[in-house]
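Quick notes on the structure that follows.
Here, each number is a calculation from the coordinates, and none is a lab measurement. Keep in mind it's a predicted model, so treat the numbers as computed, not measured. Glycine gets a Cβ as well: all are built from the backbone with ideal geometry, and neighbour counts include every protein chain shown.
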Amino acid sequence: MGSKFFRGMTTGALVGIAAGMMMLPSMDRTTRRRIKRAAKTFRGTTTGMMDSMMGMMNR
């Protein structure tokens, strides 16, 4: 059940980022790169947290 929560939270964040990018087409290349890097960092962080939580639950 915890896995579904984190998956949903991550999916929602990524959808929000994508929607924000579509609503601001006038962003320059630098801004898009920053957003892309932040999304990758966020994804890595949440994946690591989810793995840790799953490890704790499986003990």
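Taking Cα atoms, how many degrees apart are the long axis of helix 2-23 and the longest axis of the chain, rounded to 10 and kept between 0 and 90? Once rounded, the angle reads 0 degrees. Measuring r between the beta carbons of R59 and T11 and using R0 = 25 Å, the FRET efficiency lands at 0.40. Listed options for Cα extents along the principal axes in Å are (i) 49, 17, 5; (ii) 83, 37, 7; (iii) 44, 24, 12. The value calculated from this structure is the one marked (i). Here the extension length gained between R32 and M49 equals 3.6 nm, from 0.36 nm per residue of separation less the Cα-Cα distance.
Dipole check for the chain: with +1 at the C-beta of Lys and Arg, -1 at the C-beta of Asp and Glu, and the Cα centre as origin, the magnitude is about 200 Debye.
Relative to the longest principal axis of the Cα atoms of the chain, the long axis of helix 29-57 makes an angle of roughly 10 degrees.
Note down the nm distance, to one decimal, between modelled labels 7 Å out along Cα→Cβ at F42 and at L24. Reported label-point gap for F42 and L24 is 1.2 nm.
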